[in-house]
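The next block holds one structure in the form of structure tokens; read it before the comments.
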């Protein structure tokens, strides 16, 4: 397995692994044809077999000559009842039977990414001189691709930029949506770099029963919540696809470049598309891929086409960027680096992620404190026992307790969090969480000057943007 | 077949026919379930069977419940040797075994379009007060969809606009490419309407082994040839997709709308795409469809979304617009009307169309008179006999004579043409054609003001645009 460990650490994609098996197979054939020594052939065959094992470990499929890994990406369970411990993760669905949530170590192996280990966290601390964010310390951002390359660049004073996004599927964002933004804000702060934020209103129009107009409206509403996170107003560009594609001289050209280098077979494998899917869905992955390349933003990066991109996102978005990384070298661009977060659990438990399309699973940024309290009390899966008496006698279980999970996301102070855990588990008392839907208003200029003047909706946003704060408080 | 004739005249698409069969099938089922009278059921079944016959006639396929007509469009021959008289026509290939060219009457039946008959030509003459263009008189534009709707609109003083285009696959256009432009210029003149001309440089990048930059360069070179046709400078907008998508607030929104309403199954059926095709090709038909809707050009039509479009094009482009017409009502837009031309024959004969990718089959607008003469003498398929003696004895055959075919395109005067035919056929003497590659230069402003200022390449074109003229002269 040494080879595969090696592979994972160099972040080989399934396609790269496939190509290595193919190349090694050809080598074996040519050795045999050239009547090489038995030893030489044996060694080559041994390596071939080990590469095939690596390929199967990474993709869950046997290597088949001539059939690239089309089905490697969504980790699908083989029917709902067969394999209990398999998790389903794709950009639209997260589902596991485990109350503690998805098995993220397995996900790293299957996706072929690398774990964010102590060494990497220490390096970030050393280079930036800042205490690592609690999302790093607690494994909330747990996986990466090529983060060391980004740190090398930073040490060598080479520029890079951040890219994250949001699919505006509802008027209000929920607290789970904040995770990548909170972390991205920290990254922007410690590395002092530009940031682009894509609002995929086109995606939501294509996937949901929405009009174009509604999707645009959601994008504007969501932009307000994002602006409220407080990004650097001079280094942040928020855009809606439906708007920006019609005002950028670089974006569509990159979309077409990407679309030329990805086949239907590939997106079928990666995203599970079928022949009955609309051609908009089928070609959309290129739209989410394009912001990974600096030439999509000539108004920001001018003619610099080799500025590396770092993408903080929830791991369910990784399939888009595995595709992007496969394409990048073929169109002369750098592969984007990635930082992956775990999912934010639904109120009902960590078996699935919080989802805006299910209001009962979610706490929205527009919910009032009273609404939030009711939701927590009514829906939040509890690690406590059924009665106060039993709970006092046997203690609670923070590992499955949704309120406690939320605390791990939002209580920055490690000591305070540990104390809360003790209270919950050992002192055997109730402790809940409440979010507070109000806060300071951000009226700031969060958009770079777009190529042809301001966004039509920019003025609306700048004067209307909402704000929010998250309060952690005991629940009576 | 009355029903089908009726269908053709109302321009039902295969999808519409499919839906009518499905609806009638449901009616039969509900009549049977409701124990209706035998007479009633028999009548419904009879209509169902006749609708199925119409469907098969239009698509070449048996009706199959739940399977919309995915393969109806490209008229494919079943293998190269089986059916001699079947023609192959799709947007990329035209091939027939008949020296007289494709059987256009059959094409009308298969595509489900309508013949441009004497009555329609008379109506055009009556309404416009102009002698119909010789392309109409000679059946070079031979087929249409909803042209009467356009004439109704014109009579009622309702606006409409023209849309045509060019895939810039080579630096120089050939004379065959001029046919839709020459006719469009005439339409613009007699109806005095706006015109948009799409240069699908994105398509050529996706289909050919071209860089984005090369495709853009070809678009510029081709624009010069198109400008040289002499369109109304105040009513013509020429655009490159790779440029215009990044500067229009309306175009991409329409592209996404179309892409949401077309499945991979449909484009597979219409264009013959496979799973190995890149997602750029698969989604491209929406890009060619978008200019059919006036809201793709807010800088021209402002917020008017109901201006009807008339598309003059060679009939091989019809699959794009059959798809467009299927989609239009579902996204709240008017179906574009169409005027279809026959193909311009290759030098080697009417079995295939003139193609820019085969220089020996084509006369380019940049060819010198000497080059043209050599090409005609060397490559043009002749209806004459092998020797002068035999020719004088038996006469020639203008029906397969490529030089004579070209004369029918370019000699406007009917009497002069008839005389040339007599000379060729009966006076049994040689008569050839030569094109002349020089002519007046057009430096005119052929672009509407784009939404955000001039095209970057506009100035280059306006000062560089070439010109050409076509001379018909005897060949010694």
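Each value in this text was obtained by applying a stated rule to the coordinates, not by laboratory testing. Note that the structure is a prediction, hence the values are computed from the model and not measured. Glycine also receives a Cβ, built like all others from the backbone with ideal geometry; neighbour counts cover every protein chain displayed.
Structure data summary
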{"read-out": "Calculated FRET efficiency for the pair residue A:171/residue A:399, C-beta based, R₀ 30 Å, to 0.05", "value": "0.35"}
{"read-out": "Averaged over B:238-248, number of beta-carbon atoms from partner chains that fall within 10 Å", "value": "4"}
{"read-out": "Gap separating the Cα centres of segment A:147-213 and segment B:169-218, nearest whole Å", "value": "39"}
{"read-out": "Ranking of A:421, A:64 by count of other Cβ atoms within 10 Å, fewest first", "value": "A:64, A:421"}
{"read-out": "Test item: B:270-280 mean partner chain Cβ contacts at 10 Å", "value": "6"}
{"read-out": "Between segment A:107-134 and segment A:274-319, the alpha-carbon center distance in angstrom", "value": "24"}
{"read-out": "Potential lengthening between residue B:192 and residue B:27 on full extension [0.36 nm per residue; Cα-Cα distance subtracted]", "value": "54.7 nm"}
{"read-out": "Computed E for residue A:50/residue B:65 - FRET, C-beta separation, R0 56 angstrom, nearest 0.05", "value": "0.60"}
{"read-out": "Convex hull of segment A:82-183 built on C-alpha atoms - directionally averaged projected area, nm²", "value": "8.4"}
{"read-out": "Using a 7 Å Cα-to-Cβ projection, residue B:413 label spacings across copies, nm, ascending", "value": "10.0"}
{"read-out": "Relative packing of B:35-46, B:153-164, A:398-409, which averages over residues the other C-beta atoms within 10 Å, highest first", "value": "A:398-409, B:153-164, B:35-46"}
{"read-out": "Point-to-point label distance, residue A:39-residue A:234, nm (Cα→Cβ direction, 7 Å offset)", "value": "6.6"}
{"read-out": "Shape call, segment A:296-360: gyration tensor on alpha carbons, a/c limit 1.5", "value": "prolate"}
{"read-out": "Computed E for residue B:157/residue B:275 - FRET, C-beta separation, R0 56 angstrom, nearest 0.05", "value": "0.65"}
{"read-out": "Per-residue Cβ neighbour rank within 10 angstrom, fewest leading, A:51, B:339, B:49", "value": "B:49, A:51, B:339"}
{"read-out": "Gyration tensor (alpha-carbon) shape descriptor, segment A:202-252, a/c threshold 1.5", "value": "oblate"}
